[in-house]
1. Show me the chymotrypsin sites (Phe, Trp or Tyr not before Pro) within segment 56-109 that DSSP assigns to loop and that have at most 15 other Cβ atoms within 10 Å of their Cβ.
2. Given the -39500 (n - 2.57) contribution per DSSP H run of 4+ residues, what per-residue ellipticity at 222 nm results for the chain, rounded to the nearest 500 deg cm²/dmol?
3. What number comes out for accessible area per residue over the chain if the probe is 1.4 Å? Units Å², please.
4. Measure off 7 Å from each Cα along the Cα-to-Cβ vector at Lys69 and Arg175, then give the distance between these two points in nanometres to one decimal.
5. Do any trypsin sites (Lys or Arg not before Pro) in segment 96-188 lie in a DSSP loop with no more than 10 other beta carbon atoms within 10 Å, and if so, which?
6. Mind putting a number on the dipole of segment 1-134 about its Cα centre? Charges go on the C-beta only, +1 for Lys and Arg and -1 for Asp and Glu, and I need it in Debye to the nearest 20.
7. Say each of Asp123 and Gln90 gets a label point 7 Å from the Cα, pointing the same way as Cα to Cβ; how far apart are those two points in nm?
8. Just want the answer: with Cβ charges of +1 for Lys and Arg and -1 for Asp and Glu, which residue in Ile74, Leu63, Gly41 is farthest toward the dipole's positive end in segment 37-100?
Amino acid sequence: MIERLSAAAIHFLTATGAALALLALIAASRGDWQLMFIWLGVALIVDTIDGPLARHVGVTHVLPRWSGKRLDLIVDFLTYTAVPAFALSQADLLPEAYRLPAGIAVIMSSLFHMADQDSKTKDGYFVGFPAIWNVVCLYLFAFMPPPFVSLAIVMVLVVLTFVPILCLHPFRVARLRSFSVAVTGLWLVAAIGSVANPFPSPLWVKALLAATALCLTGLGAIHSLGQKKAS
């Protein structure tokens, strides 16, 4: 009985991500971008902890009727893609005529990524851009590049969704976990700093966001090159 209650509680924890997505969407509809990122940040924390808890309890075996993976995928689509796509279609980040088409491109490409059964390697890398549009949105708000530059960034990432580049998952690549977790911790400091200040972000936040992004994407790029040479 206790095991079933624990498993149900973990499913409920995962499902709260959908409620957080709704709160983020309401904030975005009001143009309160800082609050939107706060709710998306809480959702990111939930997404980080629910998987290890589910594996510890053995949710799949305790409550086999309810698919935690399917539930997690639905919530991820809402928080990683749907809310950020709405933000891109409404905020003054992109040229006005291209905002809605860009949001649609984000939604459509992300659907194909999440439906791709080969979107992850056995050693924990994502294949193609992993549809982390919540993170992309944070960078666009933090740096506030010219609208056509932001549009170019969005379109390049949409295309990279379908390109077999490897992107590091900071918690699942065992060989680099200690280093990548430390870098992710620095990124979290920068993310909190960006939300705690008006957009565009202060210079120290931009510098830390840029450094951590270059570090994590660079590790994925190096691994991609190594895979190509080995083949």
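The values are calculated or read from the model by the stated rules, or taken from the named source; none is laboratory data. Keep in mind it's a predicted model, so treat the numbers as computed, not measured. Ideal geometry is used to build each Cβ from the backbone, glycine not excepted, and the neighbour counts take in all protein chains shown. The accessibility values were calculated without ligands, DNA or RNA, using every heavy atom of the protein model including side chains. Shrake-Rupley method; radii C 1.70, N 1.55, O 1.52, S 1.80 Å.
1. On the way: sites: Trp66, Phe77, Tyr80, Phe86, Tyr98; in loops: Trp66.
Answer by residue number: Trp66.
2. Numbers: 10 runs with 164 residues, N = 231.
Here the helix-only value at 222 nm equals -23500 deg cm²/dmol.
3. 55
4. The two pseudo-label positions are separated by 2.5 nm.
5. Working: sites: Arg99, Lys120, Lys122, Arg172, Arg175, Arg177; in loops: Lys122, Arg172.
When the trypsin sites (Lys or Arg not before Pro) of segment 96-188 are filtered for loop state and at most 10 Cβ neighbours within 10 Å, Lys122 remain.
6. Values: 9 positive and 11 negative charges, 72 e Å.
Dipole about the Cα centre, nearest 20: 340 debye.
7. If labels sit at Asp123 and Gln90, their model points lie 4.2 nm apart.
8. Leu63
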